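The values are calculated or read from the model by the stated rules, or taken from the named source; none is laboratory data. Quick caveat: nothing in here was measured; it's all calculated off a predicted structure. Neighbour counts are summed over all protein chains in view; Cβ atoms, including those assigned to glycine, are modelled from backbone coordinates with ideal geometry. For accessibility, only protein heavy atoms count, side chains too; no ligands or nucleic acids. Shrake-Rupley method; radii C 1.70, N 1.55, O 1.52, S 1.80 Å.
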Amino acid sequence: MRKLLIFAEQGFTIVSLLLYSGAILNVILSGGAGQNNLVEYDSSLIRVIFFLIYLVTFLLIVLRWKKTLYFFILSNDIWLFSLIILTVISVTWSFEPSTTLKDGFTLVNSSLFGVYFASRYTLKEQLHLLAWNFGIIIVLSFVFAIALPKYGIQTDLGSPMWRGVFVHKNGLGSKMVVSGIVFFILAYQTKRRSWFFWGGFILSILLLLLSASTSSLLNILILILAFFAFQIWRWPYQVMIPTLIMVATIIQTFYFWFSNNSDVLFTSVGKDSTLTGRTDIWPLVIDRIWRHPWLGYGYGGFWQGWNGESAYIWRIVGWVPTHPHNGYLSICLDLGFLGLGLFLLGFWRSYLQGFARLRGSKTALDIWPLIHMTYIALASLTESALLQSNSLNWILYVAVSFSVRKNIKQN
């Protein structure tokens with residue numbers, strides 16, 4: 001009976017991760033529409049499903065309330081707690097209180113799932129559950145693209161692009177970055193049946209290429225290099241310090257080269273230097289941020305279409321973005337510099353503790369927290385990958401932030 005309950009709980013976790021990934025339901029309910037003709041669809045089914053996930057997550061936490069309470073006390077993540085509380089109380093100054101109340105509720109529950117995920121499972125178990133999640137996404141993405149091209153292929157971008165079980169090709173690309181890294185770490189660490197994980201890694205890269213997401217391809221290349229660079233931290237100090245200085249010199253040299261040749265590089269991969277219009281809206285977003293710099297417009301209170309403050313940006317740029325395509329600017333719009341400061345302080349603390357954990361360990365699994373936080377920092381430069389409710393990126397950020405603290409104190 002106990003094994004059956006454990007199996008059922010793991011099944012619930014995998015299904016929840018799948019839904020938090022944004023896979024399957026959205027693309028089906030939208031009828032396979034592209035971004036240029038995406039129509040409004042009834043999302044009540046999605047809301048009901050997520051409410052059930054919140055309810056089950058809460059019950060699982062209550063059933064292990066002693067362990068969860070101990071976990072909270074042990075983690076002592078005051079910056080993350082403060083950031084989440086700030087999103088909730090921002091309803092008092094929000095430009096759209098009803099949206100802030102709704103989004104704040106989903107963010108709190110999403111964060112609770114991250115806490116549950118970190119407190120219930122070890123890092124090894126977390127990665128294996130993520131492998132199951134991404135394995136399902138990979139298989140279904142091939143099925144959708146080959147057998148159901150109406151859903152799996154995006155055709156409104158000039159040429160057909162694979163999007164798999166997501167509403168946009170960039171959704172597939174970004175998820176395959178995380179998928180590729182998860183499978184890569186497990187394949188690097190596992191000796192038995194490593195071929196399964198290498199297969200997952202190869203298929204993740206293949207789907208990433210088929211999605212034609214340039215930024216995602218660049219991100220996974222950086223993360224693979226970072227994986228090996230982080231292992232330098234384990235070397236003896238007399239070897240580690242000169243090596244890190246050399247690596248930093250190479251990175252700085254590349255940065256200066258990129259700064260002088262960015263236009264040529266973007267053109268060679270079929271992109272423009274505005275990053276598909278992103279840099280056009282950033283100055284406008286910054287202008288709006290300076291109007292309410294300290295507390296922002298309330299969580300989710302800015303992007304309200306033609307009836308909100310976002311109308312100013314829509315009129316000028318000539319298209320209808322629903323977020324600033326930059327995670328740091330997104331936090332500033334929602335919660336001002338106070339919110340961004342809380343996030344950066346929490347991120348920096350978790351990052352340092354990730355290095356402390358890595359220094360005292362020998363397994364590739366312990367690189368995962370640093371890798372995911374690095375991915376969040378990279379992805380947020382061109383996408384609003386921070387502080388999103390019902391988002392796998394945010395859930396995993398919460399989970400790794402708690403995991404590094406838990407393991408440091410237990411070790």
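Counting lysine pairs in the chain whose alpha carbons fall under 23 angstrom apart, excluding pairs fewer than 8 residues apart on the same chain, gives 21. Checking the a/c ratio against 1.5 first, then a/b against b/c, what shape does the Cα gyration tensor give for the chain? It comes out rounded by the Cα gyration axes. Counting only protein heavy atoms and a probe of 1.4 Å, the accessible surface of the chain is 69% carbon and sulfur. Taking a ≥ b ≥ c as the square roots of the eigenvalues of the Cα gyration tensor, the stretch 3-133 is classed as oblate, since a/c reaches at least 1.5 and a/b does not exceed b/c.
Other residues lying with their Cβ under 15 Å from the Cβ of Thr100 contribute a combined charge of -3, Lys and Arg counting +1, Asp and Glu -1. Among the trypsin sites (Lys or Arg not before Pro) in the stretch 170-204, those located in a DSSP loop and surrounded by at most 15 other Cβ atoms within 10 Å of their own Cβ are Lys191, Arg192, Arg193.
Of the trypsin sites (Lys or Arg not before Pro) found in the stretch 287-346, those that fall in a DSSP loop while having at most 13 other beta-carbon atoms within 10 Å are Arg291. For the chain, the mean residue ellipticity at 222 nm estimated from helices alone is -24000 deg cm²/dmol, where every DSSP H run of n ≥ 4 contributes -39500 (n - 2.57) and the total is divided by all residues, rounded to the nearest 500.
Classify the stretch 106-154: rounded, prolate or oblate, from the alpha-carbon gyration tensor (a ≥ b ≥ c, eigenvalue square roots; a/c under 1.5 rounded; otherwise prolate if a/b is larger than b/c)?
Taking the square roots of the gyration eigenvalues as a ≥ b ≥ c, the stretch 106-154 is oblate.
Using the Karplus relation 6.51 cos²θ - 1.76 cosθ + 1.60 with θ = phi - 60°, the per-residue 3J(HN,Hα) values for the stretch 350-362 come to 5, 5, 5, 5, x, 5, 4, 5, 5, 4, x, 10, 10 Hz, with x marking Gly and Pro. Surface analysis of the chain yields an accessible area of 48 Å² per residue, using protein heavy atoms and a 1.4 Å probe.
Karplus-based coupling profile of the stretch 312-327, in residue order and whole Hz: 4, 6, 4, 5, 7, 7, x, 9, 10, x, 10, 7, x, 6, 7, x, with θ = phi - 60° in 6.51 cos²θ - 1.76 cosθ + 1.60 and x standing for Gly or Pro. Using the Cβ of Val91 as centre and a radius below 12 Å, the other residues enclosed give a net charge of -2, where K and R count +1 and D and E count -1.
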